[in-house]
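Structure first, commentary second.
What follows is calculated from the coordinates using simple rules that are stated; it is not laboratory data. In this text the structure is predicted, and so the values were computed from the model without any measurement. We place every Cβ from the backbone using ideal geometry, glycine too, and count neighbours over all the protein chains shown.
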2 protein chains.
Amino acid sequence: MHLAEIFGANVRRVRLERGMTLESLATEADLAYSYLGGIERGQRNPSLHVVERIAHVLESDPAALFCRTQTPEK
Amino acid sequence: MHLAEIFGANVRRVRLERGMTLESLATEADLAYSYLGGIERGQRNPSLHVVERIAHVLESDPAALFCRTQTPEK
């Protein structure tokens with residue numbers, strides 16, 4: 001799994017744990033809904049500024065969003 | 001400290017631990033020397049693809065490069 005895929009899977013998992021919709025996370029992080037959807041599917045290549053905004057809204061340590069152990073390896 | 005600054009400080013620390021020069025890391029990660037210098041100083045906003053390339057050359061877990069505990073807080 002590439003880093004963007006690990007990140008995306010973790011964002012989706014934590015977002016759902018927080019009971020947030022894709023729409024509400026996109027709005028709070030000031031990102032386009034479709035762009036955030038692509039990030040969660042690992043199809044985008046976000047910058048660290050975008051990573052930081054998402055982590056802030058999710059109240060998550062950014063490092064935790066890059067942990068492979070949180071998502072099963074394929 | 002912003003995420004890009006934490007990342008940059010960790011890249012510099014791990015690179016020096018590996019005994020690598022900025023030049024050799026830049027070459028191996030296929031990045032411009034000046035761009036990598038800016039990343040280490042936290043002045044750039046690299047994408048996850050760039051983060052992945054740097055982590056690969058440093059043989060480091062990408063998540064470890066985002067840990068605050070590795071660098072003293074200011």
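To the nearest whole percent, what portion of all C-alpha pairs in chain A is separated by more than 21 angstrom?
Here the tail beyond 21 Å accounts for 12 percent of pairs.
For B:GLN43, place a label point 7 Å out from Cα along the Cα→Cβ vector, do the same in each other copy, and report the separations in nm, one decimal, smallest first.
So the label point of B:GLN43 gives 3.7 nm to the other copies.
Under a GNM of chain B (C-alpha, springs under 10 Å), which listed residue has the highest mean-square fluctuation: B:ARG18, B:ARG41, B:ARG53?
Of the options given, B:ARG18 has the highest mean-square fluctuation.
What nm distance separates the two modelled labels at A:TYR35 and A:ARG18, each placed 7 Å from Cα along Cα→Cβ?
1.7 nm
Treat the count of other C-beta atoms within 10 Å as a stand-in for reagent exposure and order B:ILE6, A:ILE39 from fewest to most.
B:ILE6, A:ILE39
Where does helix A:48-58 land angle-wise versus the long Cα axis of chain A, in degrees 0 to 90, nearest 10?
80 degrees
For q = 0.09, 0.15, 0.16 Å⁻¹, what log10 I(q)/I(0) does the protein assembly as shown give under the Debye formula with an equal point scatterer on each alpha carbon and no solvent?
-0.27, -0.73, -0.83
Say a label goes 7 Å from Cα toward Cβ at B:ALA32 in every copy; what distances in nm does this one have to the rest, shortest first?
Copy-to-copy label distances for B:ALA32: 2.6 nm.
With a/c under 1.5 counting as rounded, go ahead and sort the range A:1-43 into rounded, prolate or oblate using the C-alpha gyration tensor (a ≥ b ≥ c being the square roots of the eigenvalues; past the cut-off, prolate if a/b is larger than b/c, else oblate).
It is oblate, given that a/c is not under 1.5 and a/b is not larger than b/c.
How high is the relative contact order of chain B? Use alpha-carbon pairs under 8 Å, at least six apart in sequence, and give a whole percent.
45 percent
Once both axes come from the Cα atoms, what is the angle between helix A:3-17 and the longest principal axis of chain A, in degrees from 0 to 90, rounded to 10?
Its long axis makes an angle of about 60 degrees.
For chain B, what does -39500 (n - 2.57) per DSSP helix run (n ≥ 4), summed and divided by total residues, give at 222 nm, in deg cm²/dmol to the nearest 500?
Computed ellipticity for chain B at 222 nm equals -16500 deg cm²/dmol.
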